[in-house]
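For reference, the structure discussed in these notes is given below.
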Amino acid sequence: MTRKDIPNVISGIRIVLVAPVIYMLLHESYQLALSLFIIAGLSDALDGFLAKRFDWTSQLGSFLDPLADKLLLVSCFSVCVFTGLIPAWLFVLILLRDLVVAFGALAYHFIVESFNGTPPFSSKLNTTFQIVYLMMLISSQGVIEIPPSWIEFVLYAVAATTTISGLEYIWVWGFKAWDNQLKR
């Protein structure tokens, strides 16, 4: 293992943390679930910082990092729907957006050209709001008193940024595909 592998190891640890976070949420051990979720969230920031700061990027890392993010967030949102902590419509919106982006990227890659996209700002903002929302939601389950109006505000911020980022992916990559076809 070299230093360049450190971000990938951190992403791997984040993937491993998904199971205990989900277990703790299902067993209503919210304080421990929150602690593990925060560690996972901070690991995302750390691996991104290391990869960019020291140019420790790799093809594997470009796959592992978003996979770790999606596994953690989608798993947490699905458990929160199952346990009645969040409305199902929010989970459906998040899942639809993620499926549109994933299948759109695959279609672009196989039909148009190699897909090597970096996430737009709206997507990073969406991920941030999703993390903040889950942290607030988990915290509000007897860990920390959080006003319901704050949680509701962030819920709608997640819905808005999910919609905007999904539409931005469609818009940007749709025009790139269109432009690519016009050049042929």
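Bear in mind that the values in this text are calculations on the coordinates, not laboratory data. Because the structure is a prediction, the values reported are computed rather than measured. All Cβ positions, glycine included, derive from the backbone under ideal geometry; neighbour counts span all protein chains shown.
Against the conditions (1) more than 14 Å from residue 130 (Cα to Cα); (2) in contact (Cβ under 8 Å) with a residue 12 or more places away in the chain, residue 35 satisfies every one except (2). When region 142-164 is filtered for residues that are surrounded by fewer than 18 Cβ atoms within 10 Å (Cβ to Cβ) and of a type outside the set (A, V, I, L, M, F, W, C), the ones remaining, listed by number, are 142, 145, 147, 148, 149, 152, 156, 163. For residue 129, the requirement of being surrounded by fewer than 17 Cβ atoms within 10 Å (Cβ to Cβ) and free of Cβ contacts under 8 Å to residues at least 40 places away in the same chain is not met. Only a single criterion out of (1) in a helix (DSSP H, G or I); (2) touching an Asp or Glu at 6+ places or on another chain (Cβ under 9 Å) is not satisfied by residue 141, namely (1). Picking from residues in region 83-98 that are surrounded by 14 or more Cβ atoms within 10 Å (Cβ to Cβ) and without any contact (Cβ under 8 Å) to a residue 40 or more places away in the chain, the one that is nearest to residue 177 (Cα to Cα) is 98. Of all residues in region 99-126, those being in contact (Cβ under 8 Å) with a residue 60 or more places away in the chain, closer than 27 Å to residue 84 by Cα and buried (at least 16 other Cβ atoms within 10 Å of the Cβ) number 1. Scanning region 165-176 for residues that are crowded, with 16+ Cβ neighbours inside 10 Å and either of a type outside the set (S, T, N, Q) or in contact with a His (Cβ under 9 Å, 6 or more places away or on another chain) (or both) yields 166, 168, 169, 173.
Look at residue 1 and say whether it is farther than 15 Å from residue 132 by Cα, buried (at least 18 other Cβ atoms within 10 Å of the Cβ) and among the hydrophobic types (A, V, I, L, M, F, W, C). For residue 1, the condition - farther than 15 Å from residue 132 by Cα, buried (at least 18 other Cβ atoms within 10 Å of the Cβ) and among the hydrophobic types (A, V, I, L, M, F, W, C) - is not met. Note on region 151-173: residues that are more than 19 Å from the chain's Cα centre (by Cα) and in contact (Cβ under 8 Å) with a residue 60 or more places away in the chain amount to 1.
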